[in-house]
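Structure, as structure tokens:
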Amino acid sequence: MPSGLHLYAPVKAQDFVTGLKYATDKKSEALYLVQDSIKGLDAYAKGENKDFSQVGIKAIDDQTVQYTLNKPESFWNSKTTMGVLAPVNEEFLNSKGDDFAKATDPSSILYNGPYLLKSIVTKSTVEFAKNPN
């Protein structure tokens, strides 16, 4: 592995639950993509319900995420590729605190895809490198 890269933890279903809760709590600009789709998410996002466990996302086991939708959506699977539904490791999130996903610091996020964030200039450029793993 290149210098600075190491395996942090396997991605688990709970990471998807943590990710959606984080995106909602931080009022992600992309939340609108799923806010009316997932049961209870709109009420949680608006503060009408403060119990995230009532939102229609559950980790059934380490490899199974279950979404409960308000109504059938033939295009739902394509929504699961959106960043607002990306997994977030809770231990890593807590270790970074307010610096989690800091736009100017690629080490403030974890990666689990084919590319690594090499550099970013807000509202200008994003540069990726191939993930050697």
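The values are calculated or read from the model by the stated rules, or taken from the named source; none is laboratory data. From a predicted model like this one, the values you see are computed outputs, not experimental measurements. Every residue, glycine among them, receives a Cβ derived from its backbone with ideal geometry; neighbour counts consider all protein chains shown. Note: areas computed on protein heavy atoms with side chains; ligands, DNA, RNA excluded. Shrake-Rupley method; radii C 1.70, N 1.55, O 1.52, S 1.80 Å.
So if R0 is 35 Å, what FRET efficiency would SER119 and ALA9 give, r being the distance between their Cβ atoms, rounded to the nearest 0.05?
On the way: r = 25 Å, r/R0 = 0.71.
So, using R0 = 35 Å, E works out to roughly 0.90.
For the pairs LYS71/LYS96; LYS79/LYS118; LYS71/LYS102; LYS71/LYS123; LYS21/LYS130, flag any whose C-alpha to C-alpha distance is greater than 31 Å. Write out the running numbers ahead of the final one.
Values: LYS71/LYS96 36 Å; LYS79/LYS118 26 Å; LYS71/LYS102 35 Å; LYS71/LYS123 35 Å; LYS21/LYS130 29 Å.
From the list (LYS71/LYS96; LYS79/LYS118; LYS71/LYS102; LYS71/LYS123; LYS21/LYS130), the Cα-Cα distance tops 31 Å for LYS71/LYS96; LYS71/LYS102; LYS71/LYS123.
Over region 1-125, average the accessible area per residue using a 1.4 Å probe and give it in Å², no decimals. Write down the numbers at each step before the final one.
On the way: 8230 Å² over 125 residues.
Roughly 66 Å² per residue, with all protein chains present.
For THR80 and LYS130, compute 0.36 nm times the residue count separating them, minus their Cα-Cα distance, and round to one decimal in nm. Kindly include the intermediate steps, with their values, before the conclusion.
Details: separation 50, 0.36 × 50 = 18.00 nm, distance 2.23 nm.
Extra length available between THR80 and LYS130 comes to 15.8 nm.
Considering only VAL88, ALA45, LEU33, whose Cα is most displaced toward the positive end of the charge dipole of the chain, charges sitting on Cβ of Lys, Arg (+1) and Asp, Glu (-1)?
My answer, from the dipole projection, is LEU33.
Give the angle, between 0 and 90 degrees and rounded to the nearest 10, that separates the Cα long axis of helix 13-25 from the longest principal axis of the Cα atoms of the chain.
Relative to the chain, helix 13-25 is tipped by roughly 80 degrees.
Given R₀ = 22 Å, what would the calculated FRET efficiency be for ASP62 paired with ASP105, taking r from the Cβ atoms and rounding to 0.05? Mind showing how you got there, number by number?
Details: r = 29 Å, r/R0 = 1.32.
Efficiency computed from Cβ-Cβ geometry: 0.15.
Using only alpha carbons, build the gyration tensor for the chain and give me the equivalent ellipsoid semi-axes, biggest first, whole Å.
Output for the chain: semi-axes of 27, 16, 15 Å.
How large a share of the accessible area of the chain, in percent, is made up of carbon and sulfur atoms when the probe is 1.4 Å and the other protein chains stay in place? Can you show the working numbers first?
Numbers: 4650 of 8940 Å².
Solvent-exposed carbon and sulfur of the chain make up 52 percent of the total.
What spacing in nm lies between the two simple spin-label points modelled at GLU73 and LEU31, each 7 Å away from Cα in the Cβ direction?
1.5 nm
Positive end of the charge dipole of the chain (Lys, Arg +1 and Asp, Glu -1 on Cβ, about the Cα centre): tell me which of TYR67, THR18, ILE120 has its Cα farthest that way.
ILE120
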